[in-house]
Amino acid sequence: MTKHIDAKFKTAVVHGRRTYIGNVRQPSSSSGTNYPDRMLKSQVNKFDIFPDKMGSIDVTINDGESIVKLEAYADRILQFKEKTMYIINVSESLDFLEDTHENKGCSFRYHVTKTDFGVAWFNAFGVYFYDGQKVVNLLEKKGERLINEADWETFITDSGDTDMSEAHIGYIPKKRQLLIKNENKDVFIYD
C-alpha cells in the first residue's frame, strides 16, 4: 500500500516523460527520512508523483557521498556525487548502472552544464565532457595535459576558495564555448 506520493529533493531532471530526483527526503509517520544517495523516478507523464514503494534507483548506497546534481543526455542519467559520477542507462524499462567514474564528481550543482552535444563539468582534477558514449578530460589531448595540474588547481581554488563554491561553469551555444569562472572572475574559455 502506498502511503505517500511526494518527496522533497535537492536536484532533478526531466527525461523520457519522467522526472528523476536525487538527494531526497521522503515523508514517514511523524517526520521525514533523508536519503542523500537515493534517486527516485516518477511514473510516466506524472512528473510530480513519487510513490514511496516504487521508482527508487539506488546505485551505490551508504558510500558517504551525497547526490549533488542529476543531468540527462542520450538516454542516460548522469548522477554526480561529490567524488564519483555514475552513468545510469534509462533507455529500457529496466534502469541499470552503465559506468562508474571515480574522481569525476562535483562539489556543487553549478559545476555542471548541459550543451547541445553533451554534458560538461569540472572539479579540482579537471574539466570533463560526456558525449553520450565516453567521458573525456578537456584539459588533456592525446594523453598530454594542455594545462598543468598546478595551474588548474591554482585557478580553480585561487584566493582561498578551497571548496570551489565561487567557481561556475557556463555554456555559450552560439559560439559553442564553455566558460569556467573562478572567485576572482578570471575565466577559462574552452572551444
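Regarding residue 117, is this residue out of contact with any strand residue (DSSP E or B) (no Cβ under 6 Å at 6 or more places or on another chain) and at pLDDT 90 or above?
yes
Is it the case, given these coordinates, that residue 97 is open to solvent by 60 Å² or more (accessible area, probe 1.4 Å) and in a strand (DSSP E or B)? Even if it seems obvious, please write down each step before you answer.
On the way: open to solvent by 60 Å² or more (accessible area, probe 1.4 Å): yes; in a strand (DSSP E or B): yes.
Taking the combined requirement at face value, the residue satisfies it.
Of all residues in the range 148-182 being at pLDDT below 90 and assigned to a loop (DSSP other than H, G, I, E, B), which is farthest from residue 83 (Cα to Cα)?
That would be 148.
Is at least one residue of the range 71-82 in contact with an Asp or Glu (Cβ under 9 Å, 6 or more places away or on another chain) and of a type in the set (S, T, N, Q)?
Taking every residue of the range 71-82 in turn, at least one turns out to be in contact with an Asp or Glu (Cβ under 9 Å, 6 or more places away or on another chain) and of a type in the set (S, T, N, Q).
Scanning the range 60-73 for residues that are over 8 Å from the mean Cα position of the chain (by Cα) and farther than 10 Å from residue 15 by Cβ, which turns out most open to solvent (accessible area, probe 1.4 Å)?
By that ranking, first place goes to 62.
Does the range 122-142 contain at least one residue that is exposed (fewer than 14 other Cβ atoms within 10 Å of the Cβ), closer than 24 Å to residue 19 by Cβ, without any contact (Cβ under 8 Å) to a residue 12 or more places away in the chain and of a type in the set (Gly, Ala, Ser)?
No; the residues of the range 122-142 include none that is exposed (fewer than 14 other Cβ atoms within 10 Å of the Cβ), closer than 24 Å to residue 19 by Cβ, without any contact (Cβ under 8 Å) to a residue 12 or more places away in the chain and of a type in the set (Gly, Ala, Ser).
Can you say whether residue 107 is part of a loop (DSSP other than H, G, I, E, B), surrounded by 13 or more Cβ atoms within 10 Å (Cβ to Cβ) and free of Cβ contacts under 8 Å to residues at least 60 places away in the same chain, as far as the supplied structure shows?
Yes, satisfied.
Kindly evaluate residue 112 against the criterion of being surrounded by 15 or more Cβ atoms within 10 Å (Cβ to Cβ) and either on the phi > 0 side of the Ramachandran plot or touching a Cys at 6+ places or on another chain (Cβ under 8 Å) (or both).
yes
Could you please find all residues in the range 38-89 being farther than 14 Å from residue 107 by Cα, of a type in the set (D, E, K, R) and at pLDDT 85 or above?
Within the range 38-89, 38, 41, 46, 48, 71, 75, 76 qualify.
The values are calculated or read from the model by the stated rules, or taken from the named source; none is laboratory data. Note that the coordinates shown come from a computational prediction; the quantities given were computed from them, not determined experimentally. Heads up, the Cβs are rebuilt from the backbone with ideal geometry, glycines too, and the neighbour counts pull from every protein chain shown. Remember, those area values only see protein heavy atoms, side chains included, never the ligands or the DNA or RNA. Shrake-Rupley method; radii C 1.70, N 1.55, O 1.52, S 1.80 Å.
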